[in-house]
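Presented below is the structure to which this report refers.
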Amino acid sequence: MIELPANAPAGVITADVLKSDVGCFPTREQYFGLVSAFKADGFELCADLCGVDYLEHAGRALPEGVEATRFEVVVNLLSMSKRQRVRIRVQAGTESPAVDSLFPIYPGTEAMEREAFDMFGILFNGHPDLTRILMPEDWEGHPLRKDYGAGRVPVQFKEAPGPR
């Protein structure tokens with residue numbers, strides 16, 4: 001199992017995810033410090049950052065001591081030099097989901113955080129430009145939330161034949 005860096009925040013809960021991965025479950029307060037510690041320990045790349053809505057899975061299995069919330073942010077860090085991967089899952093909240101932005105540590109997360117904001121409504125504190133990236137600015141709601149109504153938008157194709 002991959003060990004936590006020496007300068008990681010105290011009390012971070014970990015669990016084996018796969019044989020090659022370790023899963024970390026920091027609190028929102030531990031999140032930024034934990035990612036900073038992994039960066040300093042040689043995890044050069046933030047491969048992925050995404051949001052998850054567990055509206056219908058509130059009782060999902062989590063390690064003891066982790067209090068489940070509706071929204072979660074999942075981050076995958078890679079160390080090419082060590083050939084290791086770390087998955088970080090932070091509970092972002094239920095009513096007003098928010099976590100710190102990783103932009104100061106990994107500038108490449110800027111677009112990934114904007115996508116999670118746009119699709120799920122998760123706020124990233126300290127983000128340099130937290131605006132919509134996929135949906136129009138005047139769009140109401142967040143389409144990947146489980147309680148977002150599935151609508152129907154008529155599509156008119158160019159040069160479409162008329163009724164037959």
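Here are some notes:
- Estimated purely from DSSP H runs of n ≥ 4, each contributing -39500 (n - 2.57), the mean residue ellipticity at 222 nm for the chain is -4500 deg cm²/dmol once divided by its residues.
- Applying the criteria of a DSSP loop state and at most 10 other Cβ atoms within 10 Å to the GluC sites (Glu not before Pro) of region 62-133 yields GLU64, GLU67, GLU95.
- Longest stretch of the chain clear of exposed loop sites (chymotrypsin sites (Phe, Trp or Tyr not before Pro), DSSP loop, at most 13 other Cβ atoms within 10 Å, sites excluded): 1-138.
- Helix 28-40 and the longest principal axis of the C-alpha atoms of the chain enclose an angle of approximately 70°.
- With the convex hull drawn around the C-alpha atoms of the chain, the volume per residue stands at 175 Å³.
- Dipole of the chain [Lys/Arg +1, Asp/Glu -1 at C-beta], most positive-end residue of VAL66, THR131, VAL22: VAL22
- In degrees, nearest ten, helix 110-120 long axis to first principal axis of the chain (Cα): 60 degrees
- Ordered by the count of other Cβ atoms within 10 Å of each Cβ, fewest first, CYS50, CYS24 give CYS50, CYS24.
Read-outs: derived from the displayed coordinates by stated rules, not from any lab. From a predicted model like this one, the values you see are computed outputs, not experimental measurements. Note: ideal-geometry Cβ built from the backbone for every residue, glycine included; neighbour counts use all protein chains shown.
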